[in-house]
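Engineer: One structure is given below, represented as structure tokens, and several questions about it will come after.
The values are calculated or read from the model by the stated rules, or taken from the named source; none is laboratory data. Every value quoted in this text rests on a predicted model; they were computed, and no experiment measured them. Note that each Cβ is placed from the backbone with ideal geometry, even for glycine, and that neighbours are counted across all protein chains shown. Calculation scope for accessible area: heavy atoms of the full protein, side chains included, ligands and nucleic acids excluded. Shrake-Rupley method; radii C 1.70, N 1.55, O 1.52, S 1.80 Å.
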Amino acid sequence: MSEHKEHMFRLRPLTEEDGREICTWRYPAPYDTYNWKTWDEPLANREEFADPEIREAQYRAVVDAEGALCGFAQLFPLAGTTRLGLGMRPELCGAGRGEAFVRSIAAEAKRLSPQNEIDLEVLTWNKRAIRAYERAGFRMTDTYERKTPQGTGEFHCMVWEDTSATLGDEGKRQAPLATAGLLNRNQVEWALGGSSMLALYGLAEQPDDLDLLVNASNAPKAHALLSSLGEHRIMEPKSPFCTTYFYRYSIRGVGVDLMGLFGIEHAEGVYRLDWKAERIARTKVIGGIPIPLSAMEDWYVLYSLMPGREAKTAVLERYWRDHGGIRMDLLEDALQQSLPPKVRERIEHWLKGPVSR
């Protein structure tokens, strides 16, 4: 039986009593760097979970099946990311419960903010914690130095791969992973877009096909590579679409559309998305393979121009109202092209501030 089935944890609100107890925990060297100050000091300075507002918004107690306090979690909000901080009761450390403990925290963070990436930082010398994080599904994405209360420390950033709800069933998962792996290995700059991109933010159901964006200069190379994975055909765009490079593939039973210099005709002219790598919004790591995601702002403009996509523009607007983080530069870039007056007005409203419902 796997570890995370043997040891069950759940999260509940962290109380002041929990905070007082956590401040008494003492770890042996070298883990004593994780010791908290005695309760009176953070209470006087309203630091971390000693501040009732921070405690309620960010902190959770991790308890076992009997309700005993086993540790704590901090769910710190960043733009598009929930960053985890966590600590386990000292006498439980090294007893084989780390994977289940970490999984329970990551799963709760994903439940609360399904659109967010889940990551954490760990000191590079803490091999015990790193092993637990890796078993729980975290993968290293970066290493850097930053200041800590004890001085400068070297950290790994690790991102959680939510394999239970990322790319659908096994068949749907293998097609994008094979596609991404091939393009990445051959240094083709690309990004996932459309409904599949929305699905990885938790904003849509996983569709039956994939939309890939490449720069026009990379389109022939990308086409040659993807042709090796399955059958393909060159698509003749249908009005109002006038995309310059448009190929469709069947890869492991999944439809994949490759598009370069995406174009849409409208009453005022033609809008073209000349996609470049700097427009990548973020990268999800799934099965150890980086999946770059195109920007919501680019698709907001495209959906605004496509017939029958009002529901998708509404989903993006709700997301921005709730979470913010709009890339104004991309919306400003869109306004440099001809657009229908209603679409232009909508974008200008977002540049001024959230559009009312």
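Engineer: Answer with yes or no whether I289 is touching a strand residue (DSSP E or B) at 6+ places or on another chain (Cβ under 6 Å) and of a type in the set (A, V, I, L, M). Steps first, answer last, please.
Structural biologist: Working: touching a strand residue (DSSP E or B) at 6+ places or on another chain (Cβ under 6 Å): no; of a type in the set (A, V, I, L, M): yes.
Here the answer is no, as I289 does not meet what is asked.
Engineer: Then there is this: With respect to the numbered conditions (1) at pLDDT 90 or above; (2) more than 30 Å from G202 (Cβ to Cβ); (3) in contact with a Phe, Trp or Tyr (Cβ under 9 Å, 6 or more places away or on another chain), which one is the sole condition not fulfilled by E41?
Structural biologist: Answer for E41: the failing condition is (3).
Rundown of residues vs (1) surrounded by fewer than 16 Cβ atoms within 10 Å (Cβ to Cβ); (2) in contact (Cβ under 8 Å) with a residue 12 or more places away in the chain; (3) among the polar types (S, T, N, Q); (4) closer than 21 Å to I54 by Cα, yes/no style:
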{"residue": "G85", "(1), (2), (3), (4)": "yes, yes, no, yes"}
{"residue": "R103", "(1), (2), (3), (4)": "no, yes, no, no"}
{"residue": "S113", "(1), (2), (3), (4)": "no, yes, yes, yes"}
{"residue": "I130", "(1), (2), (3), (4)": "no, yes, no, no"}
{"residue": "Y133", "(1), (2), (3), (4)": "no, yes, no, no"}
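Engineer: Checking P307 against (1) more than 15 Å from the chain's Cα centre (by Cα); (2) touching a residue at least 40 places away in the same chain (Cβ under 8 Å); (3) under 15 Å from E189 (Cα atoms), which single condition isn't satisfied?
Structural biologist: (3)
Engineer: Examine the range 41-49 for a residue that is more than 21 Å from F155 (Cβ to Cβ), buried (at least 18 other Cβ atoms within 10 Å of the Cβ), of a type outside the set (D, E, K, R) and touching a residue at least 60 places away in the same chain (Cβ under 8 Å), and state whether such a residue exists.
Structural biologist: Checking the range 41-49: not a single residue is more than 21 Å from F155 (Cβ to Cβ), buried (at least 18 other Cβ atoms within 10 Å of the Cβ), of a type outside the set (D, E, K, R) and touching a residue at least 60 places away in the same chain (Cβ under 8 Å).
Engineer: Would you pick out the residues in the range 218-258 that are small (G, A, S) and open to solvent by less than 70 Å² (accessible area, probe 1.4 Å)?
Structural biologist: Matches in the range 218-258: A219, A222, A224, S227, G230, S250, G255.
Engineer: In the range 280-291, which residue that is open to solvent by 10 Å² or more (accessible area, probe 1.4 Å) and of a type outside the set (K, R) is modelled with the highest pLDDT? Give the derivation first.
Structural biologist: The initial filter retains those residues of the range 280-291 that are open to solvent by 10 Å² or more (accessible area, probe 1.4 Å), namely 280-285, 287-290.
Next, only the ones that are of a type outside the set (K, R) stay: 280-281, 283, 285, 287-290.
Numbers: I280: 93, A281: 90, T283: 85, V285: 77, G287: 71, G288: 72, I289: 82, P290: 86.
Ranking the candidates gives I280 first.
Engineer: Same structure again: Residues to consider are L316, L302; find the one that is open to solvent by less than 50 Å² (accessible area, probe 1.4 Å) and touching a Phe, Trp or Tyr at 6+ places or on another chain (Cβ under 6 Å). I'd like the intermediate steps shown before the answer.
Structural biologist: Details: L302 fails: touching a Phe, Trp or Tyr at 6+ places or on another chain (Cβ under 6 Å).
Every option except L316 fails the conditions.
Engineer: Please note which strands (runs of 3 or more DSSP E) are completely contained in the range 96-162 and include at least 3 residues that are among the polar types (S, T, N, Q) and at pLDDT 90 or above.
Structural biologist: Working: elements: 117-123, 138-148, 151-160.
Hits in the range 96-162: none.
Engineer: Let me ask something additional. State all residues of the range 61-70 that are touching a residue at least 40 places away in the same chain (Cβ under 8 Å) and more than 10 Å from G19 (Cα to Cα); if no residue qualifies, say none.
Structural biologist: Once the filter is applied, which keeps residues that are touching a residue at least 40 places away in the same chain (Cβ under 8 Å) and more than 10 Å from G19 (Cα to Cα), the range 61-70 yields V62, V63, D64, A65, L69, C70.
Engineer: Name, by its number, the condition in (1) at pLDDT 95 or above; (2) closer than 26 Å to L229 by Cβ that does not hold for E332.
Structural biologist: Among (1) at pLDDT 95 or above; (2) closer than 26 Å to L229 by Cβ, E332 violates only (2).
Engineer: Looking at G96 and the list (1) touching a residue at least 60 places away in the same chain (Cβ under 8 Å); (2) crowded, with 20+ Cβ neighbours inside 10 Å, which single condition is not satisfied?
Structural biologist: With (1) touching a residue at least 60 places away in the same chain (Cβ under 8 Å); (2) crowded, with 20+ Cβ neighbours inside 10 Å applied to G96, the lone miss is (2).
Engineer: From H349, H323, grab the single residue that is free of Cβ contacts under 8 Å to residues at least 12 places away in the same chain, open to solvent by 40 Å² or more (accessible area, probe 1.4 Å) and not polar (S, T, N, Q).
Structural biologist: Only one candidate qualifies: H349.
Engineer: Another question, then. Note down all Cβ pairs under 6 Å where the first residue falls in the range 234-260 and is under 22 Å from L182 (Cβ atoms) and at pLDDT 85 or above, the second is of a type in the set (F, W, Y) and assigned to a strand (DSSP E or B), and they're at least six residues apart or on different chains.
Structural biologist: Partner pairs satisfying both residue conditions: T243/F262; V256/Y249; L258/Y247; M259/F246; G260/Y245.
Engineer: Continuing with the same structure: Those residues that are part of a loop (DSSP other than H, G, I, E, B) and in contact with a Pro (Cβ under 6 Å, 6 or more places away or on another chain), I need them from the range 268-313; list them, please.
Structural biologist: Selection gives E268 alone.
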